[in-house]
Amino acid sequence: MGYWGYFVVGRAERPLAELDALAGAAGGLTLRTSAPDGWQVWEYPGGEGDIGNMNDLARETGSPALFGYVMGSDCVVVEAASPESGAWTTCLARAAMAGYLDGQREGLTVDDYFLEPADAAERAVFWAEEAGHAVSAADLTEVLSAAPGSPPLSASLERGRPQAEKLFFRLLDRLGVVPE
């Protein structure tokens, strides 16, 4: 069984864990990494509890925010919001996500729940612009379409097990937030 939990990404002068938007999860958040311009990535292991609301986080910080919910290291639900361009949701490792959704609601597919890679990349470009970064929609589409074990990710996987977390951090790199 792989990793289950959240990554919370935002930009602020003080620690994200101290903000009202994440008050429900503050005790369970640990700083994973920080990057230039106040970017922070916090981790909240497990899938239970109230992590907070990324729309509230974007409003409180005045900057784009992003949540990544990793499901068994197989796939990631990506929720993003920014004060100007609004919220959007997609996923990483779509085939694995389809497996998780199989049987949830008859007739609905992964495309019914999440933006398709090209559409998500378009929204991500606006998200990044609002964060002050010029990014490539093609590079984002590549990550949003990739499977966790696809090259060049497969060369760095531990024990040969695909890890969707690596796709998530590759997405953050392509968004200009946290270098890979």
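The values are calculated or read from the model by the stated rules, or taken from the named source; none is laboratory data. Everything numeric in this text was worked out from a predicted model, so none of it was measured. Glycine gets a Cβ as well: all are built from the backbone with ideal geometry, and neighbour counts include every protein chain shown. What goes into the accessible areas is simple: the full protein's heavy atoms, side chains included, and nothing from ligands, DNA or RNA. Shrake-Rupley method; radii C 1.70, N 1.55, O 1.52, S 1.80 Å.
Got a sec? Charge dipole of the chain, +1 on Cβ for Lys and Arg, -1 for Asp and Glu; which of Ala58, Val41, Phe114 is way out at the positive end?
Result: Val41, furthest along the dipole toward the positive end.
Could you tell me what percent of the accessible area of the chain is made up of carbon and sulfur, with a 1.4 Å probe and every protein chain present? If you can, show how the numbers build up before the last one.
Values: 4010 of 8480 Å².
Of all accessible area on the chain, carbon and sulfur atoms account for 47 percent.
Got a sec? Which residues in the range 85-115 would a label at Glu122 touch, if it sits 7 Å along Cα→Cβ and we count backbone N under 18 Å?
85-91, 111-115
Per residue, how much accessible area does the chain have with a 1.4 Å probe, in Å²?
Averaged over the residues of the chain, the accessible area is 47 Å².
Select from Val125, Ala23, Val8 the residue farthest towards the positive end of the dipole of the chain; place +1 on Cβ of Lys and Arg, -1 on Cβ of Asp and Glu, and compute about the Cα centre.
Farthest towards the positive pole: Val8.
Suppose every Lys and Arg Cβ carries +1 and every Asp and Glu Cβ carries -1, with no other charges. What dipole size does the chain come out with about its Cα centre, to the nearest 20 debye? Mind showing how you got there, number by number?
Numbers: 12 positive and 27 negative charges, 102 e Å.
The dipole magnitude comes to about 480 debye.
What 222 nm value per residue comes from the helices of the chain, counting each DSSP H run with n ≥ 4 as -39,500 (n - 2.57) and dividing by all residues, nearest 500 deg cm²/dmol?
Only helices count here, giving -8500 deg cm²/dmol.
State, to one decimal in nm, how far the label point of Glu142 lies from the label point of Ala87, with both points 7 Å from Cα in the Cβ direction.
Rounded to a tenth, the inter-label distance reads 3.1 nm.
So what is the relative contact order of the range 1-137, in percent, for Cα pairs below 8 Å that sit 6 or more residues apart?
This gives 21 percent for the range 1-137.
Once you have all Cα-Cα distances for the chain, histogram them in 10 Å bins from zero and send the whole-percent values.
10, 39, 38, 12, 0
Given R₀ = 41 Å, FRET efficiency for Asp102-Arg14 by Cβ-Cβ distance, to 0.05?
According to the calculation, E is roughly 0.45.
Please work out the FRET efficiency for the pair Asp56 and Tyr3, using the Cβ-Cβ distance as r and a Förster radius of 22 Å; give the result to the nearest 0.05.
0.30
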